[in-house]
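The values are calculated or read from the model by the stated rules, or taken from the named source; none is laboratory data. Given the structure is predicted, the values throughout are model-derived calculations rather than measurements. Heads up, the Cβs are rebuilt from the backbone with ideal geometry, glycines too, and the neighbour counts pull from every protein chain shown. Heavy atoms of the whole protein, side chains included, go into the accessibility calculation; ligands, DNA and RNA do not. Shrake-Rupley method; radii C 1.70, N 1.55, O 1.52, S 1.80 Å.
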Amino acid sequence: MSMSLRAATRDDVSQMAALVDMSGEGLPRALWARQADHGQDPLDFGAQRIAGDEGALSWRHATIATIDDEIAGLLITDELAATPAEMSSDTHPIVRPLIRLENMARSTRTLAALAVFEPHRRKGVATALLQRAEMGTGPEGMSAIVTDLNAAGSAFLAKNGYVHAADLPLVHADWETPSNAWVLMRKAP
């Protein structure tokens, strides 16, 4: 088994969309479904968005983990601004709690997406990606947001020094999830 990390390319966007959706526990697919053209697959729409040069989920911000040249996992990080993000009346209710939690983690480098395909789990992929993310720690440390029922993600982050910092109820809207809250986890610099 040969694992390596590399910068993402536009050729990766289809698999990146699946991994972003996995990391977001289905929320990305729900949001993409609202924006996609009638009849367009939400993951195809997500791949188109990821293929763009702008935006937090752009391929330009991503690291790909491969095992034997096969995509195994994905990392996307973003540095949260020192000033709070503002919400407008156009801000979808489903993302409002996420923005509020991000505002509690200003000046951190946040894990926007961290996911590993099932066949490659428990092989050190997530650990390698997290270590890569933490090479660029923000002034106030690191942050991640998971759902209250993501026990594996929470345990992985806790094992790596992240602590529960806050939580807020999530809005289900047209996103079907058994979860009831978003949990902000932070790691000091």
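So for the pair Lys159, Asp69, with labels modelled 7 Å out along Cα→Cβ, what separation do we get in nm?
Those two pseudo-labels are separated by 3.1 nm.
Looking only at Ala166, Ala112, Ala51, which one moves most when the chain is put into a Gaussian network model with springs between Cα atoms under 10 Å?
Its mean-square fluctuation being the largest, the pick is Ala166.
Heavy-atom accessible area per residue, the chain, 1.4 Å probe: how many Å²? Don't skip to the end; give the middle numbers.
Numbers: 9700 Å² over 189 residues.
Accessible surface, normalised per residue, equals 51 Å².
How many nm is it between the label spots at Gln40 and Arg100, if each spot is 7 Å from the Cα in line with the beta carbon?
3.1
Between region 123-189 and region 57-113, how many Å separate their Cα centres?
11
Identify the GluC sites (Glu not before Pro) of region 1-88 meeting these criteria: DSSP loop state and at most 15 other C-beta atoms within 10 Å of the C-beta.
Working: sites: Glu25, Glu54, Glu70, Glu79, Glu86; in loops: Glu25, Glu54, Glu86.
For GluC sites (Glu not before Pro) across region 1-88 that sit outside H, G, I, E and B with at most 15 neighbouring Cβ atoms in 10 Å, the list reads Glu54, Glu86.
Quick check: at a probe of 1.4 Å, how many percent of the accessible area of the chain sits on carbon and sulfur atoms?
Working: 4860 of 9700 Å².
The value for the chain is 50 percent carbon and sulfur by accessible area.
Test of understanding: in a Gaussian network model of the chain with alpha carbons linked when under 10 Å, which of Gly124, Gly46, Gly26 would top the mean-square fluctuation ranking?
In the Gaussian network model the winner is Gly124.
Using a cut-off of under 20 Å, list every residue of region 54-88 whose amide N is near the label point 7 Å from the Cα of Lys123 along the Cα-to-beta-carbon line.
Label zone hits: 63-76.
How high is the relative contact order of the chain, in percent, counting Cα pairs under 8 Å that sit 6 or more residues apart? Write out the running numbers ahead of the final one.
Details: 336 pairs, mean separation 38.9, N = 189.
For the chain, the relative contact order is 21 percent.
Tally the DSSP beta bridges in the chain and give the antiparallel ones as a percent, rounded to 5.
Values: 31 of 33 bridges.
Of the beta bridges lying entirely in the chain, close to 95 percent run antiparallel.
Take the Cα atoms of the chain, find their three principal axes, and give me the spread along each one in whole Å, biggest first.
47, 44, 31
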